[in-house]
1. Quick one: what pairs do we get from the stretch 111-137, first residue more than 14 Å from residue 98 (Cβ to Cβ), second more than 10 Å from the ligand (Cβ to nearest atom) and not hydrophobic (A, V, I, L, M, F, W, C), C-beta under 8 Å, 6+ apart or different chains?
2. Condition test on residue 53, is it in contact with a strand residue (DSSP E or B) (Cβ under 7 Å, 6 or more places away or on another chain) and away from the ligand (no atom under 14 Å from the Cβ)?
3. Name every residue in the stretch 223-247 that is surrounded by 15 or more Cβ atoms within 10 Å (Cβ to Cβ) and more than 28 Å from residue 289 (Cβ to Cβ), in order of residue number.
4. Kindly indicate which of 225, 292 is within 18 Å of residue 184 (Cβ to Cβ) and among the hydroxyl-bearing types (Ser, Thr, Tyr).
5. Taking the criterion of being at pLDDT below 95, farther than 30 Å from residue 155 by Cα and not small (Gly, Ala, Ser), would at least one residue in the stretch 285-292 satisfy it?
6. Going by the structure shown, is residue 190 more than 16 Å from the ligand (Cβ to nearest atom) and part of a loop (DSSP other than H, G, I, E, B)?
7. Going by the structure shown, is residue 218 part of a helix (DSSP H, G or I) and over 30 Å from residue 188 (Cα atoms)?
Amino acid sequence: MDKKWKPVVVAVALGVILPQLLLSAVRQRPLSEPAETLTPTQQETQLSPSARSTYLPVLTAENSIHVMELEAYVLGVVLAEMPAEFEMEALKAQAVVARTYALRRLSRQDRHADVAVCADPNCCQAYMTEEEFLQKGETVSGLEKIARAVEATKGQVLIYGGALIEATYFSCSGGRTEDAVAVWGEVIPYLQAVDSPGEENAEKYWEEVHFTAEEFEDALGRDLSGTPRSWLGKRTFTAGGGVQTMVIGGIAYTGTQLRQLLGLNSTAFTMAAEDGGITVETLGKGHRVGMSQYGADAMARGGSSYDEILMHYYPGTRIDKTENIL
Ligand SMILES: [Zn+2]
């Protein structure tokens with residue numbers, strides 16, 4: 001069997017076989033009893049794809065593999081990824097995005113060999129149990145609110161051209177999201193730069209970091225000649241207002257390289273040189289591609305529904321049901 005499809009087959013098999021086993025155990029009818037004695041409701045339960053559950057293998061933060069039911073997993077992601085204080089429509093948008101992201105990983109198995117997703121937010125999506133959510137001081141009403149958001153969007157995913165989309169998201173854009181091509185080098189029609197107003201209250205909306213001349217050179221791993229005022233050269237920008245390229249000390253870096261080397265919140269930065277070093281101002285946090293979580297909350301506060309939020313951040317996509325995709 002193609003290794004790529006193994007988790008999918010396992011997950012689908014679990015989704016189909018487990019409910020069938022449970023159903024037959026509950027029924028406890030003799031094997032000879034004809035199937036037509038089933039009530040129409042029971043037949044529908046057996047035949048309707050919507051009654052199937054989907055399971056996915058998840059690598060937990062404790063480094064163990066748990067096979068989780070999809071909706072339970074999505075609840076854990078929203079608990080970990082978005083504050084319960086956010087608007088209900090933003091939480092619903094987050095639930096659809098988390099579900100879409102997970103199912104795309106499950107169907108492609110392109111990030112991990114033996115699991116669909118992990119619980120590391122820098123790789124896949126953060127995840128926490130209901131107990132962990134409450135232990136960190138969150139409230140039962142917050143838990144119930146997020147559970148309602150997941151339930152209200154149960155089975156809903158985002159598709160483009162008949163396939164699950166790459167539903168990337170991040171904390172805060174600083175006012176405008178980024179093109180996928182600017183970050184990953186690939187043009188993705190529904191991951192284009194869009195305006196993202198109303199994020200000013202986000203903790204990481206704006207940040208200033210100062211580097212001494214020595215710290216700056218250490219971060220780049222180079223000795224730069226002259227004074228800091230002579231180091232900074234020409235910049236080019238992306239459609240999302242990020243730095244595409246920047247020349248420093250005669251060498252051109254990409255914005256993503258500089259973000260990594262200097263440990264910046266995003267590629268949407270400006271640099272200013274003084275005698276003592278370099279000051280960097282950054283807007284937003286994360287890769288800035290796809291849905292801004294703070295932007296989604298701002299849209300919801302302005303009266304937008306979750307589907308309007310999703311259509312704004314993933315233009316050209318539409319919402320469909322899981323059973324139509326898998
Ligand atoms: Zn991962």
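The values are calculated or read from the model by the stated rules, or taken from the named source; none is laboratory data. Keep in mind that this is a model prediction, so the values were computed, not measured. With ideal geometry, Cβ positions are generated from the backbone for all residues, glycine too; neighbour counts draw on all protein chains shown.
1. 113/3; 114/7; 114/57; 115/7; 115/57; 129/76; 130/76; 133/142
2. Numbers: in contact with a strand residue (DSSP E or B) (Cβ under 7 Å, 6 or more places away or on another chain): yes; away from the ligand (no atom under 14 Å from the Cβ): yes.
Yes.
3. Result: 224, 228, 231.
4. Working: 225 fails: within 18 Å of residue 184 (Cβ to Cβ).
From the options 225, 292, the qualifying one is 292.
5. No, that holds for no residue.
6. Values: more than 16 Å from the ligand (Cβ to nearest atom): yes; part of a loop (DSSP other than H, G, I, E, B): yes.
It is true that residue 190 is more than 16 Å from the ligand (Cβ to nearest atom) and part of a loop (DSSP other than H, G, I, E, B).
7. Details: part of a helix (DSSP H, G or I): yes; over 30 Å from residue 188 (Cα atoms): yes.
Judged against the criteria, residue 218 is a match.
Yes or no, residue by residue, for (1) among the charged types (D, E, K, R); (2) crowded, with 21+ Cβ neighbours inside 10 Å; (3) at pLDDT below 95; (4) away from the ligand (no atom under 13 Å from the Cβ):
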position: 65; (1), (2), (3), (4): no, no, no, no
position: 89; (1), (2), (3), (4): yes, yes, no, yes
position: 93; (1), (2), (3), (4): no, yes, no, yes
position: 111; (1), (2), (3), (4): yes, no, yes, no
